[in-house]
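J.: Dropping the structure in here first, questions after.
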Amino acid sequence: MPAGFQQLGGEQRITGTLALSVFTAVLGSLQFGYNIGVINAPQKIIEQHINSTWMERYAEPIPLQTLTSLWSLSVAIFSIGGMLSSFSVGILSEFFGRRKAMLINNILAFIGGGLMGMSKISKSFEMMILGRFTIGAYCGLASGLVPMYVGEIAPTTLRGALGTLHQLAIVTGILMAQVLGLESLLGSEQLWPVLLGVTVLPTVLQMTLLPFCPESPRFLYIVRCQEHHAKSALRRLTGCLDVSEDLAEMKEEKRKMDMERKVSIAELFRSPLYQQPIIISILLQLSQQLSGINALFLVERMGRRTLHMLGLAGMCICAIIMTIALALLETVPSMSYLSMMAIFGFVAFFEVGPGPIPWFFVAELFSQGPRPAAMAVAGCSNWTANFLVGMGFQYVANLCGPYVFLIFAFLLVFFLVFTFFRVPETRGKTFDQISATFHSHPQNMMDMDQGKYSTELDYLGSDGTEN
C-alpha cells in the first residue's frame, strides 16, 4: 500500500493529495467569507471617500439620502453578483470540469479585487461598486463549485467532515476581514483600498496550487467517460492502487444516469423524482440565511440531520433569550450580559448546524446528473435570501424593535419541524443509497429518518424492488 494512506478497520484516512485538494478548493470559501465581512469595518471611511469624490465632481457635499443609497448599493450588490452567477455553476462545472472552473473563476477575483483596490487612487466610487459586484459573482460561483468538488473527491466516510471545511473557511475569512479591518492595521483612511484589494492574494495561491490537484474522479468517469483518468485521480486521492470498489460505485451511478435524460433546472421542479430533494435543498439553504446570521468530525459521529436540528433548536432558544434581554435592557441593565451570551450561543449553534450542513447536503442528495443544476438552484436560493435579509433587516428592526428576533425564532421552528419530518439522514451512505430514499414509500422514508430503515437499503435496488 502506497505511503501516505492508511486504512484501519475499513475507515479511510486523509492522504496528502486529498488534503492539498481540499485546502486549495476552500481557499475560494475563504475569499467568500472575507468579502462578506470586509466592507463593514471601514464603512465611515468609505462614506467619506464617496463624499469627497462627490465634492470634487460637483463642488457640493453629497446629499445624505444619496450617500445612504450608494453605501447600501455597495453592500447589497455583492449579493446580486452572487445570485446571478450561481446559475452558471452547473454550466461551467460541466463544460470545463470542477477544477478548471475554479481556476477560471479566479479571473473574476482578480478583476474585482483590482477594481476595489484602485478605486481610491482613481477617485471613483463606481469602481468600488463594480468591483463588489464582480467579486460577488466570483463568490457565487465559488459557493457552488467548492462544495461540489470537495463532495465528489471525498471518501464516503469523510465526506461530511471535509464538507464542513467550506463553512469553516467562510467563518475564518470573515474573522480575517474583521481583524485586518481594524484602524491600526488596514482599516485606516490610507490603507482601506488595500483591505479591499488584498483578496487577490488567496487567488494567487489557489491558482498556483490547483494544477497540482486532481480533477474530480466522478466528473472524469461519469461526465467525460475517461475511465483511465478517473482511476489515476482516485489513486492519487486515496493512495491505493486498487480503486475497484470506488470505480464500481461510479459505474453503477453512470449506468443509472445513462438511463436518464439530462436534467435541467426546470425539470428539477417538474419531475416527481427530484421535487422532494430540491425542495429540501432550497429550504435548508433558507434555514441558513433566514436563521438570522463548525462542525467537523461531529458530522460523521452524530449525523447531518441531527446536527442541523440541534443547531436550529439552539438558535431558536437563543433568539428568544435575545428578545427577552433586549426588551428588558432599559429597566434591567444587567440584561446586556445575557444578550451577549445569547449572541455567542446563537453564532455557536449556527456553526454546528445551519452554517456548514446545507452546503454539502445538496451535493449528497443528488446524483451526478442533476447535481450541477441542483447546486445552482440551491446557491441562488441562498444568495437571494442573503440579499433580502441584508436589504430588509434594518427596516424590519426599526419597525419591530427588540422583538425582531421573534420573527427569526418562528422561522427557526418552521425549519426545525421541516427537517424532522422531511430531511433524511445521509451520513455514511453512498449516492445510490441516498437516492433510494426518495424512491421509497413516504412511510418508509419516515422510518429511515429515525434510523429504522437503513438496514433495508442493502436489500433494495434503486427502484425499490428486492435485489
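J.: Criterion first (farther than 18 Å from residue 114 by Cα and open to solvent by less than 10 Å² (accessible area, probe 1.4 Å)) does residue 177 satisfy it?
T.: no
J.: Out of the stretch 384-405, which residues are of a type in the set (A, V, I, L, M), surrounded by 15 or more Cβ atoms within 10 Å (Cβ to Cβ) and either at pLDDT 80 or above or more than 21 Å from residue 72 (Cβ to Cβ) (or both)?
T.: Within the stretch 384-405, 385, 404 meet the criteria.
J.: Within the bounds of the stretch 96-110, is there any residue that is farther than 30 Å from residue 223 by Cα, within 21 Å of the chain's Cα centre (by Cα) and not β-branched (Val, Ile, Thr)?
T.: no
J.: Checking the structure you have, find out if any residue of the stretch 413-423 is modelled with pLDDT under 80, in contact with a helix residue (DSSP H, G or I) (Cβ under 7 Å, 6 or more places away or on another chain), within 22 Å of residue 162 (Cα to Cα) and not in a helix (DSSP H, G or I). Quick ask: steps written out before the conclusion?
T.: Here is the first cut: in the stretch 413-423, the residues modelled with pLDDT under 80 are none.
No: zero hits.
J.: Which condition does residue 280 not pass, out of (1) farther than 19 Å from residue 374 by Cα; (2) modelled with pLDDT of 70 or more; (3) open to solvent by less than 10 Å² (accessible area, probe 1.4 Å), if it passes all the others?
T.: For residue 280, the failing item is (1).
Yes/no matrix, rows are residues, columns are (1) aromatic (Phe, Trp, Tyr); (2) open to solvent by 10 Å² or more (accessible area, probe 1.4 Å); (3) touching an Asp or Glu at 6+ places or on another chain (Cβ under 6 Å):
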position	(1), (2), (3)
328	no, yes, no
348	no, yes, no
366	yes, no, no
370	no, no, no
374	no, no, no
379	no, no, no
382	no, no, no
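J.: Open to solvent by less than 30 Å² (accessible area, probe 1.4 Å), under 30 Å from residue 152 (Cβ atoms) and at pLDDT below 90 - does that describe any residue in the stretch 44-62?
T.: Scanning the stretch 44-62, I find no residue that is open to solvent by less than 30 Å² (accessible area, probe 1.4 Å), under 30 Å from residue 152 (Cβ atoms) and at pLDDT below 90, so the answer is no.
J.: Right, next: Could you list, ordered by first residue, the pairs with Cβ atoms under 9 Å in which the first is in the stretch 100-112 and assigned to a helix (DSSP H, G or I) and the second is open to solvent by 10 Å² or more (accessible area, probe 1.4 Å) and of a type in the set (D, E, K, R), at least 6 apart or interchain?
T.: Every condition considered, the pairs that remain are 100/215; 101/94.
J.: Of the numbered conditions (1) open to solvent by 60 Å² or more (accessible area, probe 1.4 Å); (2) at pLDDT 75 or above; (3) outside any helix (DSSP H, G or I), residue 427 satisfies every one except a single condition; which is it?
T.: (2)
J.: If a residue has to be of a type in the set (Gly, Ala, Ser), closer than 19 Å to residue 79 by Cβ and over 10 Å from the mean Cα position of the chain (by Cα) to count, how many in the stretch 134-168 make the cut?
T.: Qualifying residue count for the region: 2.
J.: Among the residues of the stretch 139-159, is there at least one that is within 23 Å of residue 218 (Cα to Cα) and outside any helix (DSSP H, G or I)?
T.: yes
J.: Is it the case that some residue within the stretch 298-305 is surrounded by fewer than 22 Cβ atoms within 10 Å (Cβ to Cβ), acidic (Asp, Glu), at pLDDT 80 or above and over 20 Å from residue 172 (Cα atoms)?
T.: Checked the stretch 298-305: no residue is surrounded by fewer than 22 Cβ atoms within 10 Å (Cβ to Cβ), acidic (Asp, Glu), at pLDDT 80 or above and over 20 Å from residue 172 (Cα atoms).
J.: So residue 147 clears everything in (1) of a type outside the set (Phe, Trp, Tyr); (2) modelled with pLDDT of 90 or more; (3) closer than 22 Å to residue 92 by Cα except one condition, right? Which one?
T.: (2)
J.: Could you tell me whether residue 196 is open to solvent by less than 30 Å² (accessible area, probe 1.4 Å) and either in contact with a Ser or Thr (Cβ under 8 Å, 6 or more places away or on another chain) or of a type in the set (D, E, K, R) (or both)?
T.: Answer is yes for this residue.
J.: If you don't mind, another one. Go through 249, 253 for me and flag whichever is assigned to a helix (DSSP H, G or I) and modelled with pLDDT under 80. Talk me through it step by step, then tell me what you get.
T.: Numbers: 249 fails: modelled with pLDDT under 80.
Within the list 249, 253, the selection yields 253.
J.: From the list 88, 69, 74, which residue is of a type outside the set (Lys, Arg), within 30 Å of residue 158 (Cα to Cα) and either out of contact with any Pro (no Cβ under 6 Å at 6 or more places or on another chain) or part of a helix (DSSP H, G or I) (or both)?
T.: Of 88, 69, 74, the one residue that is of a type outside the set (Lys, Arg), within 30 Å of residue 158 (Cα to Cα) and either out of contact with any Pro (no Cβ under 6 Å at 6 or more places or on another chain) or part of a helix (DSSP H, G or I) (or both) is 88.
J.: Pull up the stretch 73-132, narrow it to residues that are open to solvent by less than 10 Å² (accessible area, probe 1.4 Å) and in contact with an Asp or Glu (Cβ under 7 Å, 6 or more places away or on another chain), then point me to the one that is farthest from residue 37 (Cα to Cα).
T.: Filtering the stretch 73-132 for residues that are open to solvent by less than 10 Å² (accessible area, probe 1.4 Å) and in contact with an Asp or Glu (Cβ under 7 Å, 6 or more places away or on another chain), the one farthest from residue 37 (Cα to Cα) comes out as 97.
J.: Looking at the stretch 233-246, is at least one residue under 25 Å from residue 88 (Cβ atoms), at pLDDT 80 or above, open to solvent by less than 30 Å² (accessible area, probe 1.4 Å) and not β-branched (Val, Ile, Thr)?
T.: Yes: the stretch 233-246 contains one or more residues that are under 25 Å from residue 88 (Cβ atoms), at pLDDT 80 or above, open to solvent by less than 30 Å² (accessible area, probe 1.4 Å) and not β-branched (Val, Ile, Thr).
J.: Here's another thing I want to ask about it. So which residues in the stretch 302-357 are assigned to a loop (DSSP other than H, G, I, E, B) and more than 26 Å from the chain's Cα centre (by Cα), if there are any at all?
T.: Here is the first cut: in the stretch 302-357, the ones assigned to a loop (DSSP other than H, G, I, E, B) are 303, 328-334, 353-356.
Hits for the stretch 302-357 are 328, 329, 330, 331, 332, 333, 334.
The values are calculated or read from the model by the stated rules, or taken from the named source; none is laboratory data. Since we're looking at a predicted model, the values are computed, not measured. Reconstructed Cβ throughout: ideal geometry from the backbone, glycine too, with neighbour counts over all protein chains shown. Remember, those area values only see protein heavy atoms, side chains included, never the ligands or the DNA or RNA. Shrake-Rupley method; radii C 1.70, N 1.55, O 1.52, S 1.80 Å.
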